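Take a look at the structure below.
The values are calculated or read from the model by the stated rules, or taken from the named source; none is laboratory data. Predicted model only: the values in this text are computed from it and were never measured. Neighbour counts are summed over all protein chains in view; Cβ atoms, including those assigned to glycine, are modelled from backbone coordinates with ideal geometry. Side chains are part of the model used for accessible areas, which takes the heavy atoms of the whole protein and leaves out ligands, DNA and RNA. Shrake-Rupley method; radii C 1.70, N 1.55, O 1.52, S 1.80 Å.
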Amino acid sequence: MPQTAQVHVETHAVKERSPFVNAIREFWKSYRKNKPALFGTSIILVFILLAIFANFIAPQGINDQNIGNKLQAPSAAHWFGTDDFGRDIFSRILFGARLSLRVGFLSVIGSIVVGTLLGILAGYFGKVLDVIISRLFDILLAFPSILLSIAIVAILGPSLNNALVAIAIVNVPVFGRLVRSRVLTVKEEEYVVAARSIGMGDMRIIFHHILPNSIAPIIVQGTLNIATAILDAAGLGFLGMGAEAPLPEWGKMLSDSREYIQNAPWTVLFPGLAIVLVVVGFNLIGDGLRDALDPRMKN
Amino acid sequence: MSESLLHVENLKKYYPITGGKFGRVSETVRAVDGVSFSVREGETLGIVGESGCGKSTTGRMIMRLIEPTEGKIVFQNRDLMNLSKKEMRKARKDIQMIFQDPFASLNPRHTVEHIIEEPMIVHHIGDRKQRKARVEELLELVGLSSYHAKRYPHQFSGGQRQRIGIARALAVRPKVIIADEPVSALDVSVQSQVLNLLKDLQEKFHLTYIFIAHDLSVVRHISDRVGVMYLGKLVELSESEQLYDDPKHPYTKALLSSVPVPNPNVQTERMILQGDVPSPAHPPAGCSFHDRCPFAMDICSKERPHLKKLEDGRLVSCHLYD
Amino acid sequence: MFYYSVKRVLMLIPVLLGMTLIVFAIIHAIPGNPALTILGTKASPEAVRQLNQSLGLDNPWYVQYFSYLKDILTGDLGTSIQTHSPIASEIWPHLAATIELSFVAMIIAIVVGINAGIISAWKQNSVFDYTAMILALIGVSMPVFWLGLLEQWGFSIELGWLPSIGRDDIRNGVDPITNLYLIDTLLRGRLDQFWMVIRHMILPSIALATIPTAIIARMTRSSMLEVLKSDYIRTAKAKGQRMVWIVYKYALKNAFIPILTVIGLQTGLLLGGAILTETIFGWPGVGLYIYNAIQYRDYPVIQSGILIIAFIFVMVNFIVDLLYGLIDPRIKYK
Ligand SMILES: Nc1ncnc2c1ncn2[C@@H]1O[C@H](COP(=O)(O)OP(=O)(O)OP(=O)(O)O)[C@@H](O)[C@H]1O
Ligand code: SF4
Ligand SMILES: [Mg+2]
């Protein structure tokens, strides 16, 4: 297959190949040389698979308690040991992957949707709207992100879903500003002026010309933000402003077992390792995407 | 030639430069400062001037791609300035534009077919099949082939891309085409091909052109009349032949003498312009050309000359002809 | 420069107002009746009504907001539900503790981060470079609270080298003057206590410094790489100047602006990280104050704690912006 593809490229170099396909090829060519990025991708793929098939892989359910079996050291039966209720930590971490990945993906998708909308309104329509929206972003960015999340969770009430919403809100200005600046740049491109000159309306210009040319940096930022969203969610869980009691959320698991660290360090070790691995994974992918898609964004 | 199809009057674009103290308007860039002319149906009006004199701004204001600060744009007896945003978008069907940069003015993510079809989609012309057929027709018309339709802009040369741009402009059968330096980004060898294409198309479809260029040699063969701009103002406007044979305004003379002329006999007085073009934010008082004009007189720095009609019908703005 | 500063001050106002509005919403939006929260659920309806009235809770929200704003401006940060004392009088020792910790952490981050970044760039692709960048990657990916727990486990519990809780020993408490203990112990001439305070600081400040250190190191490395490639540096090298000298003197100077930006932004992370770090290490700063308030649902304290930290963050960035203007006169607002 690679052989024939090669030949194809040689002979039909000018044949109609969409810049999209081209971009993906180009992207893959540089991405696959990026070992760290591939490593990150594998970590995340593994975690996604573990999360999806947690039911089948996990030796125990998340709430299968066995007090007589509590705080057991890692063994063949309990790879990561057991916690203070005698629950299997390995199983809980698998199910916890679902929660963390869900918070990461959903909150970032939420931030991207809202941020993009606001960024377009500010950048494309400008004027008063721009001033209002930009000030709103300034205000939201004036809080350290975890504190703003705490404030929002305090308003909404503590729960994992509210933590997700809070994290999404906190990250809206990140994407809002990004999209706004992309829109401001692309808006001045001559093909956008050309689009206006043929009588095209704003909506069509935005959706056919501006957004498609702004996607790369959004994807890069989005990936990096999944990492911080997962960290923040764990932080909120740790502070008791996130996941509720029996949920195997990693941050919550850490705060629940911190008092056993002396006698049962594995209760603290493994949930933390899980967080680090997933976050490293997303950071590596994000860096790789940035290098491959948009070298200009490199710091 | 029949009567005026498009007429602009006292067109102005001032850009306030905010900054300095508390974002107050510290100065005003007079990009275009009171330009008036009319274009007759079927003719080509050339507009010439150095970089930054406001040619593109003028062209874009006619389509209200840039909102004029002041002025009238009368097209087919309708003042475009009175149109709502939506009406103006519809009106753009009749006035189309060809851009200077054939690389930047085509969306790199769209196929040629999509690029040419898009104006028809926007103006709800024909169904899908009819539009595709029209795209093929247009491609042939501008000297490309229908098999180019599925390709992307990056697969074409500059000249070919400019043809795509022309096809896009023609798609909605406009009456007027504003060509903003359509060949200045192209190789010299390709320039004349594109110019000839534009000329042919004009004849075929009875098009009216406003043809913008920064040097007089390019507009020479295509224009019926030529207007010369300096610092946002029109300084001379006359029939092409008159202008090239006997330029009146000192600035026009200077521009002409810097053009390599095919016939060396014509090259009489060679004038080299001194100094740089002043910033449009601080145009010199009086005649804005006076600090570079070899014929400048006392009055030139005090009084601003106005565009006046000479006995042979040409318009010149210079105290020499008072 | 003057106008730039004035403009920057004017820009600050809507941000500060917006901040108070969000923080105000915390109290206003909590479910249930604040009076009941304060008086306890067994309070008589009469008492509740009186308290509502005296707190102005029966007014429309904007009236309440303006009176809240007035309170803040007059230095009234409300009353803690838990201790019944005014927050404004309680908060300074906490604030001092947070400032001291964050400051030390920032110093660590700057010194370690910048040096690691410089050496990494200078010895690009060396073992040092790889190690530093892998550590930096793990650093930015690590939950602060987990690192804190591991430190405690390793250095306090297992090795017993360092204390794991608090700012000082309970039986040998520092007698506060400014509440910045490093200063207070010196003022009182208690070098033994000074050393004790430092020992308490080591673990939490390292935990808190991790992420900023990692980010500063990465940032410094990439700006330095760019500067090192420039002709300017090559000329200096050609002139036979010593590489160490070139790197530290010239290159750092040119990489300074982006590094300054990062430092400004890191303050937010530091202050945010403080709440987690302080929770782990029982460090009695604003973070722990807020954390305890969260456990007791002491909303006025949550509110004022967040407000104070956000205020500090905004002011630090404000100062960084002004420094920009000083360092690089080309930077004008927009
Ligand atoms: N948005 C803007 N704000 C301020 N000044 C502007 C703006 N757009 C254009 N100008 C100024 O207006 C003047 C006229 O610009 P314009 O693009 O019309 O010139 P031009 O004659 O087309 O030049 P060129 O040959 O380079 O295309 C220039 O001096 C330019 O700097
Ligand atoms: S008005 Fe005076 S300065 Fe201006 S072009 Fe004529 S002669 Fe020259
Ligand atoms: Mg132009």
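In segment A:247-280, what residues drop by 40 Å² or more in accessible surface going from the chain by itself to the full protein assembly, probe 1.4 Å?
A:ARG258, A:ILE261, A:GLN262, A:LEU269, A:VAL276, A:VAL280
May I have the extent of the alpha carbons of segment C:262-317 along their three principal axes, as whole Å values ordered from largest to smallest?
35, 23, 12
Springs between alpha-carbon atoms under 10 Å, Gaussian network over chain A: tell me which of A:VAL279, A:VAL220, A:VAL128 tops the mean-square fluctuations.
A:VAL128
With Cβ to Cβ distances under 15 Å as the rule, what net charge do the other residues near C:ASN59 carry (K, R +1; D, E -1)? Don't skip to the answer; put the middle values down first.
Numbers: positive: C:ARG49, C:LYS70; negative: C:ASP58, C:ASP71.
Counting the neighbours of C:ASN59, the net charge comes to 0.
Quick one: helix C:256-281 against the long Cα principal axis of chain C, what's the angle to the nearest 10°, folded into 0 to 90?
50
Accessible area lost on pairing C with A, both sides, 1.4 Å probe, Å² to nearest 100? Intermediate values should be presented prior to the final figure.
Values: alone 18270 and 15950 Å², together 30470 Å².
Separately minus together, C and A give about 3800 Å² buried.
What net charge do the residues around C:PRO176 carry, taking every other residue with its C-beta under 15 Å from that of C:PRO176, with Lys and Arg at +1 and Asp and Glu at -1?
On the way: positive: C:ARG167, C:ARG188, C:ARG190; negative: C:GLU90, C:GLU100, C:ASP168, C:ASP169, C:ASP175, C:ASP184.
So the environment of C:PRO176 carries a net charge of -3.
For the protein assembly as shown, what is the calculated [θ] at 222 nm in deg cm²/dmol (nearest 500), taking -39500 (n - 2.57) for each run of four or more DSSP H residues and dividing by its residue count? Show your work: numbers first, answer last.
Working: 34 runs with 527 residues, N = 955.
It lands at -18000 deg cm²/dmol.
Per residue, how large is the accessible surface of segment C:215-311? Use a 1.4 angstrom probe and give square angstrom.
Values: 3800 Å² over 97 residues.
Per-residue accessible area for segment C:215-311 comes out at 39 Å².
Taking the Cα centre as origin and putting +1 on Lys and Arg beta-carbons and -1 on Asp and Glu beta-carbons, what dipole magnitude results for the protein assembly as shown, to the nearest 20 debye? Numbers along the way, then the final one.
Numbers: 93 positive and 81 negative charges, 219 e Å.
For the protein assembly as shown, the charge dipole is close to 1060 debye.
So if I average 1/r over every pair of distinct C-alpha atoms in segment C:156-309 and take the inverse, what Kirkwood radius in Å does that give? Could the numbers behind the result be given before it?
Values: mean 1/r = 0.0535 Å⁻¹.
With all distinct Cα pairs of segment C:156-309 included, I get 18.7 Å.
At 10 °C and 1.306 mPa s, what whole-number value in µm²/s does Stokes-Einstein give for the translational diffusion of segment A:37-150, with Rh from the Kirkwood sum over Cα pairs?
90
Determine how many Å³ per residue the convex hull of the Cα atoms of chain B encloses.
Values: hull volume 51.3 nm³, N = 322.
In chain B, the Cα convex hull volume per residue is 159 Å³.
Limiting things to C-alpha atoms, what are the Rg and the maximum Cα-Cα separation (Dmax) for chain C, in angstroms?
23.8, 86
Shape call for segment C:137-235 from the C-alpha gyration tensor, a ≥ b ≥ c root eigenvalues: rounded (a/c under 1.5), prolate (a/b greater than b/c) or oblate?
oblate
Would you mind classifying segment B:121-193 by shape? Square roots of the alpha carbon gyration tensor eigenvalues, ordered a ≥ b ≥ c; an a/c under 1.5 is rounded, otherwise it is prolate if a/b is larger than b/c and oblate if not. Could the numbers behind the result be given before it?
Values: a/c = 2.40, a/b = 1.47, b/c = 1.64.
It is oblate, given that a/c is not under 1.5 and a/b is not larger than b/c.
Compute the acute angle (0 to 90°) between the alpha-carbon long axis of helix A:127-141 and the principal axis of greatest extent of the alpha-carbon atoms of chain A; round to the nearest 10°.
Between the helix axis and the principal axis of chain A, the angle is about 20 degrees.
For segment B:59-116, what does the equivalent ellipsoid look like in terms of its semi-axes, each the square root of 5 times an eigenvalue of the Cα gyration tensor, given largest first in whole Å? Please list the in-between numbers first.
On the way: eigenvalues 138, 34, 18 Å².
Over the Cα atoms of segment B:59-116, the semi-axes work out to 26, 13, 10 Å.
Provide, for q = 0.16, 0.23 Å⁻¹, the log10 of I(q)/I(0) from a solvent-free Debye sum over equal Cα point scatterers in segment A:16-85.
For segment A:16-85, the Cα-only Debye profile gives -0.75, -1.03.
If you find the alpha carbon centre of segment A:112-162 and of segment B:126-148, how far apart are they in angstrom?
47
Out of A:LEU136, A:LEU160, A:LEU254, any idea which swings most in a Gaussian network model of chain A, alpha carbons joined below 10 Å?
The residue with the greatest mean-square fluctuation here is A:LEU136.
Report the charge-dipole magnitude of segment C:92-327 in Debye, nearest 20, computed about the Cα centre from +1 at each Lys and Arg Cβ and -1 at each Asp and Glu Cβ.
1040
Would you mind counting up the charge near B:SER238? Only other residues with Cβ under 11 Å from its Cβ, with Lys and Arg at +1 and Asp and Glu at -1.
Working: positive: B:ARG225, B:LYS248, B:LYS309, B:ARG314; negative: B:ASP224, B:GLU236, B:GLU239, B:GLU241, B:ASP245, B:ASP246, B:ASP312.
So the surrounding residues net to -3.
As a test of the definition: with a 1.4 Å probe, what buried accessible area, both sides summed, do you compute for C against B, in Å² to the nearest 100? Don't skip to the end; give the middle numbers.
On the way: alone 18270 and 15920 Å², together 33840 Å².
Heavy-atom accessible area buried at this interface is about 400 Å².
When N is the residue count of segment C:67-200, what does its C-alpha Rg come to as a fraction of 2.2 N^0.38 Å? Working shown, then result.
Numbers: Rg = 20.1 Å, N = 134, 2.2 N^0.38 = 14.1 Å.
The reported ratio for this selection is 1.42.
With a/c under 1.5 counting as rounded, go ahead and sort segment B:51-157 into rounded, prolate or oblate using the C-alpha gyration tensor (a ≥ b ≥ c being the square roots of the eigenvalues; past the cut-off, prolate if a/b is larger than b/c, else oblate). Working shown, then result.
On the way: a/c = 2.71, a/b = 1.57, b/c = 1.73.
Verdict is oblate for segment B:51-157.
Whole-Hz Karplus ³J(HN,Hα) for segment B:296-312, in order, using 6.51 cos²θ - 1.76 cosθ + 1.60 and θ = phi - 60°, x for Gly and Pro?
4, 10, 4, 4, 4, 8, 9, 10, 7, x, 10, 5, 10, 8, 7, 5, 7
Rounded to the nearest 10 degrees, what's the angle between the helix A:215-239 long axis and the longest principal axis of chain A, both from Cα atoms, 0 to 90?
For helix A:215-239, the angle is close to 20 degrees.
Can you pull the percent of Cα pairs in the protein assembly as shown with separation above 46 Å? The partial results should precede the final answer.
On the way: 205224 of 455535 pairs.
Within the protein assembly as shown, distances greater than 46 Å cover 45 percent of Cα pairs.
Provide, as a two-decimal number, the C-alpha radius of gyration of chain A over 2.2 N^0.38 Å, N being how many residues it has. Intermediate values should be presented prior to the final figure.
Details: Rg = 23.0 Å, N = 299, 2.2 N^0.38 = 19.2 Å.
So the Cα radius of gyration is 1.20 times the expected 2.2 N^0.38 Å.
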